[in-house]
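Participant: I am attaching a structure below and will ask some questions about it afterwards.
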Amino acid sequence: MNKNVIPFTVFAAALLLSAGASAEDLTNPFYMPLKGKGLAETAFSYTHSSAKTQGPAFIGGGRSATSDDSVLEQSVQFGLTDRFAFIGAVGNLFEASGEKDTLYWKIGGRYAFFFENTPELLMQLQVTYAQMRGGDKQVDAKLSLGYDAGATVLPYAELAVLTPMEQGKDNNESKYSLRLGAYSVIKERVALRAGLDAFWDREHYNYQSYSLFGEAEYIISPTMSVSLTGAYMLHDTYKYDANVETDVFSVGAGFKVAF
């Protein structure tokens, strides 16, 4: 997908007061189903974007535009081994307040590395291929790193490379995103994640953006949870380089079932 739909919200200071968690928890960013087990997830996100040019009207100032986009996705992971899970997903991208919608599908896998001498170090590599109705294709690769020493908070980082597979050399420029986050569980029922997202798109005028994100997930049972996500963009290239006032926020909801 060539859409940059990133979930954002404010940092949660309550993370520092929460109880510890392990990578076997359904809500953990490093959770993946073991051999013969599966995970189904339904996710919905809504993103509102607005932009307004600055300066006098006679030089183009005062113009404004808004966009309301949403994504509904159903994904499934299934453990083929204890370290490798198959990933499949279908979804729909609704653009510009319902004026256009685009179906897409994904297929790929996720591999968990294990370090015998440093088991507290968590590392996973996920690669997916996606295709949208109309022919647009994309390969996404994500490397996740975390450190689980049994402390209250599990810090983690996710580096993703998004590569369009379109015709023409100029259209194959990769996009990059980096997430720095923290995860923890409060009283064994509520899981929290919060942190910072950064995004770079070299092809489109060296575009950059920085956003806060957060997620609260309620653990209904060891195999079921519901979540709410939110985010807010702090700054982007247009704000400090193109004299355009931008405002972007995102909210979402999710439902997970392990089987």
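Participant: Taking strands (runs of 3 or more DSSP E) that do not extend beyond the range 132-204, which have at least 3 residues that are among the hydroxyl-bearing types (Ser, Thr, Tyr) and closer than 28 Å to Thr118 by Cα?
Facilitator: 175-186
Participant: Next question, about the same structure. Inspect the range 17-33 for any residue being more than 29 Å from Ala149 (Cα to Cα), among the small types (Gly, Ala, Ser), at pLDDT below 75 and exposed (fewer than 13 other Cβ atoms within 10 Å of the Cβ) and give the result as yes or no.
Facilitator: No, because not a single residue in the range 17-33 is more than 29 Å from Ala149 (Cα to Cα), among the small types (Gly, Ala, Ser), at pLDDT below 75 and exposed (fewer than 13 other Cβ atoms within 10 Å of the Cβ).
Participant: If I filter the range 64-83 down to residues being of a type in the set (Val, Ile, Thr) and surrounded by 14 or more Cβ atoms within 10 Å (Cβ to Cβ), which single residue comes out as modelled with the highest pLDDT?
Facilitator: Val76
Participant: Could you tell me how many of the residues in the range 214-232 are hydroxyl-bearing (Ser, Thr, Tyr), part of a strand (DSSP E or B) and either more than 24 Å from Leu196 (Cα to Cα) or free of Cβ contacts under 8 Å to residues at least 40 places away in the same chain (or both)?
Facilitator: Number of matching residues: 2.
Participant: Considering only residues of the range 164-197 that are of a type in the set (D, E, K, R) and at pLDDT 85 or above, which is farthest from the chain's Cα centre (by Cα)?
Facilitator: Filtering first and then ranking leaves Lys187.
Participant: Considering every residue within the range 233-252, establish whether at least one is touching a Lys or Arg at 6+ places or on another chain (Cβ under 6 Å), modelled with pLDDT of 95 or more and acidic (Asp, Glu).
Facilitator: no
Participant: If you don't mind, another one. Just for the range 200-218: of the residues that are surrounded by 19 or more Cβ atoms within 10 Å (Cβ to Cβ) and at pLDDT below 95, which one is nearest to the chain's Cα centre (by Cα)?
Facilitator: Ser209
Participant: Report whether or not Thr128 is in contact with a Lys or Arg (Cβ under 8 Å, 6 or more places away or on another chain), modelled with pLDDT of 90 or more and in a strand (DSSP E or B).
Facilitator: Considered against the rule, which asks whether it is in contact with a Lys or Arg (Cβ under 8 Å, 6 or more places away or on another chain), modelled with pLDDT of 90 or more and in a strand (DSSP E or B), Thr128 comes out as yes.
Participant: Considering each of Ala141, Ala149, Ala130 in turn, give the residue that is within 24 Å of Leu39 (Cα to Cα), surrounded by fewer than 18 Cβ atoms within 10 Å (Cβ to Cβ) and not aromatic (Phe, Trp, Tyr).
Facilitator: Only one candidate qualifies: Ala141.
The values are calculated or read from the model by the stated rules, or taken from the named source; none is laboratory data. The structure displayed is predicted, hence computed values, not measured ones. Cβ coordinates were reconstructed from backbone atoms using ideal geometry, including for glycine residues, and neighbour counts include every protein chain displayed.
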